[in-house]
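*Asks:* I'd like to ask some things about the structure below.
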Amino acid sequence: DLNGRQPKYYSQFAMSHIEDGMPQLLEFDDFEPVKSINGRKESLAAGQYCLLSGQRLADGSVLARTEFFHIEPGKEVKVPLVVRQDTTALQVIGTLDAELLYTPIEFSPEGVKESGKRSILSTTGRGYYALGVILPGHEPSAHALNDIAEAADELTAADRKILLLFPDADAARRFRTADYDSLPECVVFGIDDDGSIMQAIREGLEIPESEKVTLPSFIVADSFNRIIYHKDGYTIRLGDTLAKILQSVK
């Protein structure tokens, strides 16, 4: 169990039958959870097998583990699926398509100016970035923005974009930019018009629909669609946390 997420075939583990000294990969559905595979109780041929598991880290390395086991004819074998973890390193915890679209906005004395839709990737460029979904007139969101402003120097040095999205145009119009004039220049604002990005984050992190997502919601992800950090709701020293993460993967 990976922080509440089920290990998936091809993504976190795979199994092969050793035939004539060569591994023959067993074919299960792409990214099928281990619980689903076990639930079908499919019979496997007797013989030697190899179980390979791995967890990818933010720096691109993989914590891998290989176990060989034997199945006797007519007998059941239970093999624990162990996915190595490193609590000291940033790990890939989910996915988010960097090609998803949002509406960029700019604030002026005349109001909010919307631009044509563009992708997250076209704004952030290649590499890592931070993304947050926020609300105006919302104390936890205000606290997050003030934390980001306090860490402006460190975030500027990290040289990565922070994309802040409002859930709709009305929320963007109610935002008071004068209250946050110390935000670093790496901050970009936009609108998640149809909620598609927030929904994609929920799905990419495997958050059940029955579980409420508390705003503000922040992630750190990269242009290869990997999420390495996620935090919802009231957070202490968010700016420092984002700066340290973005600096560490720079």
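*Asks:* Would you calculate the separation in nanometres between label points at residue 66 and residue 143, each defined as 7 Å from the Cα along the Cα-to-beta-carbon direction?
*Replies:* Output for this residue pair reads 4.9 nm.
*Asks:* Using the structure shown, select from 78/212; 117/250; 8/212 the pairs with a Cα to Cα distance greater than 32 angstrom. It would help to have the intermediate numbers written out before the result.
*Replies:* On the way: 78/212 36 Å; 117/250 27 Å; 8/212 24 Å.
Going by Cα-Cα distance, 78/212 fall outside the 32 Å limit.
*Asks:* If you find the alpha carbon centre of the stretch 32-107 and of the stretch 185-250, how far apart are they in angstrom?
*Replies:* Value for the Cα centre distance between the two parts: 23 Å.
*Asks:* What ratio of Cα Rg to 2.2 N^0.38 Å holds for the stretch 91-148? Don't jump to the answer; show the numbers that get you there.
*Replies:* On the way: Rg = 14.0 Å, N = 58, 2.2 N^0.38 = 10.3 Å.
Rg over 2.2 N^0.38 Å, computed on Cα atoms: 1.36.
*Asks:* A follow-up question, please. Rank these by accessible area, largest first, 1.4 Å probe: 72, 106.
*Replies:* These residues rank, largest area first, as 106, 72.
*Asks:* How big is the antiparallel share of DSSP beta bridges in the stretch 114-250, given as a percent to the nearest 5?
*Replies:* Values: 11 of 20 bridges.
Rounded to the nearest five, the antiparallel share is 55 percent.
*Asks:* Could you order 65, 176, 160 so the one with the most accessible surface comes first? Probe is 1.4 Å.
*Replies:* The residues order as 176, 65, 160, largest area first.
*Asks:* Report Rg/Rh for the stretch 42-190, rounded to two decimals, where Rg is the Cα radius of gyration and Rh the Kirkwood radius.
*Replies:* Across the stretch 42-190, the Cα-based Rg/Rh ratio is 1.21.
*Asks:* Per q in 0.18, 0.19, 0.20 1/Å, what log10 I(q)/I(0) does a Debye calculation on the alpha-carbon atoms of the stretch 4-95 return?
*Replies:* Here log10 of I(q) over I(0) equals -0.87, -0.95, -1.03.
*Asks:* Pairing the Cα long axis of helix 139-150 with the longest principal axis of the chain, what angle in degrees results, from 0 to 90 and rounded to the nearest 10?
*Replies:* 80 degrees
*Asks:* Continuing with the same structure: Determine how many Å³ per residue the convex hull of the Cα atoms of the stretch 7-53 encloses.
*Replies:* Normalising the Cα hull of the stretch 7-53 by residue number yields 68 Å³.
*Asks:* Then there's this: Once you compute Rg and the Kirkwood Rh from C-alpha atoms, what is the Rg to Rh ratio for the chain?
*Replies:* Ratio value, two decimals: 1.08.
*Asks:* Using only the alpha-carbon atoms, how far is helix 238-248 inclined from the longest principal axis of the chain? Give it as 0 to 90 degrees, nearest 10.
*Replies:* It is inclined by approximately 60 degrees.
*Asks:* For the chain, what proportion of DSSP beta bridges, expressed in % and rounded to the nearest 5, is antiparallel?
*Replies:* DSSP beta bridges in the chain are roughly 80 percent antiparallel.
The values are calculated or read from the model by the stated rules, or taken from the named source; none is laboratory data. Quantities reported herein were computed from a predicted structural model and do not represent experimental measurements. Virtual Cβ from ideal backbone geometry, glycine too; neighbours counted across all protein chains shown. The accessibility values were calculated without ligands, DNA or RNA, using every heavy atom of the protein model including side chains. Shrake-Rupley method; radii C 1.70, N 1.55, O 1.52, S 1.80 Å.
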